[in-house]
């Protein structure tokens with residue numbers, strides 16, 4: 001079997017296998033991320049360029065590995081349309097660190113309130 005060059009265009013099936021993501025998810029991401037624009041030939045067949053694949057890898061990492069929502073990932077990808085800068089993961093982690101502390105604080109408050117309500121019910 002012939003191996004494609006690393007800079008060759010890839011079909012949706014090839015990209016799906018590469019990223020371990022179903023093709024319908026790739027099509028969905030295409031509708032949500034404007035930076036992602038695969039080449040479409042007659043019949044609607046998609047061909048992904050290396051830049052498209054890099055963006056998809058970034059999106060997959062943000063959604064599956066880093067736990068971002070679609071909206072959060074959109075903001076990060078939109079802010080840097082090249083989305084493959086080496087320091088982007090570190091910046092994302094730094095940006096979410098403060099948010100994570102806020103979430104943990106709020107969850108702690110909710111836990112304390114629930115414990116208080118439980119004590120009142122049991123009394």
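The values are calculated or read from the model by the stated rules, or taken from the named source; none is laboratory data. On a predicted model such as this, the values are computed, not experimentally measured, just so you know. Quick reminder, even Gly has a Cβ in these numbers, built from the backbone with ideal geometry, and neighbours come from all protein chains shown.
Comparison of 59, 53 shows that the only residue that is crowded, with 19+ Cβ neighbours inside 10 Å, out of contact with any strand residue (DSSP E or B) (no Cβ under 9 Å at 6 or more places or on another chain) and at pLDDT 80 or above is 59. In the stretch 63-80, the condition of being outside any helix (DSSP H, G or I), surrounded by fewer than 17 Cβ atoms within 10 Å (Cβ to Cβ) and touching a residue at least 40 places away in the same chain (Cβ under 8 Å) is met by no residue. A search for C-beta distances below 7 Å between a residue of the stretch 96-119 that is closer than 20 Å to residue 63 by Cα and any residue that is at pLDDT 90 or above and not in a helix (DSSP H, G or I), counting only pairs 6+ apart in sequence or on different chains, returns nothing. Among the candidates 10, 40, the residue that is in contact with a strand residue (DSSP E or B) (Cβ under 7 Å, 6 or more places away or on another chain) and at pLDDT below 90 is uniquely 40.
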